[in-house]
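Below you'll find the structure, written out as structure tokens, and then a few comments.
All of the numbers you see were taken from the coordinates with simple rules; none came from a lab. On a predicted model such as this, the values are computed, not experimentally measured, just so you know. Here Cβ is always computed from backbone atoms with ideal geometry, including for glycine, and neighbour counts include all displayed protein chains.
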Amino acid sequence: MELTAEPLIPGAPTSGLCLALTAPISFWGGVDPRSGTIIDARHPECGRNIAGTVLALPGTIGSSSASAVLLELVHAGKAPAALLMDEPDAILLLGLIVAREMGWPTPPAFRLSAEEQKALSGRRIMLSATGRLAFAAADGETSGG
């Protein structure tokens, strides 16, 4: 499988285990900004931690405070390694832009359809700066994009 995601917020190449959410999430009240744990009791992935993951978001539930939560996650060192978004969310992405302006290491964000995201769950992903995805194989080699 070869995939390329569209860069939304560019960044350095990165990697991590993909956590592909099965439902949209609100960062405000849905993610603990100090730990990166999903705390929304109604969310299917409640209790999972997004820190260091390649977080695949099939959608977001709007709140103007989502950018502040993502900014806090970056500041606390609990942000995802990268975001994969079905649709860009300008409010959420603002948190990454502000973090970059503050001089903090900022994860890149990419656009990748929710349908393509589903196949990534649980896989170790390497993302190039241009959005090419490669997957860690069982023997440590890479495959895909």
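Key figures
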quantity	calculated
Tally of residues being surrounded by 17 or more Cβ atoms within 10 Å (Cβ to Cβ) and of a type in the set (A, V, I, L, M) across the stretch 1-46	10
Given (1) aliphatic (A, V, I, L, M); (2) in contact with a Cys (Cβ under 8 Å, 6 or more places away or on another chain); (3) free of Cβ contacts under 8 Å to residues at least 12 places away in the same chain, number of the condition A56 does not satisfy	(3)
Any hit, the stretch 89-110, residues being under 15 Å from L17 (Cβ atoms) and not polar (S, T, N, Q)	yes
Residue count for the stretch 95-117, restricted to those that are over 14 Å from the mean Cα position of the chain (by Cα) and not charged (D, E, K, R)	7
Members of the stretch 112-131 that are within 13 Å of L84 (Cβ to Cβ) and not hydrophobic (A, V, I, L, M, F, W, C)	S113, E115, E116, Q117, K118, S121, R123, G131
Selection within the stretch 36-72 - charged (D, E, K, R) and at positive phi	none
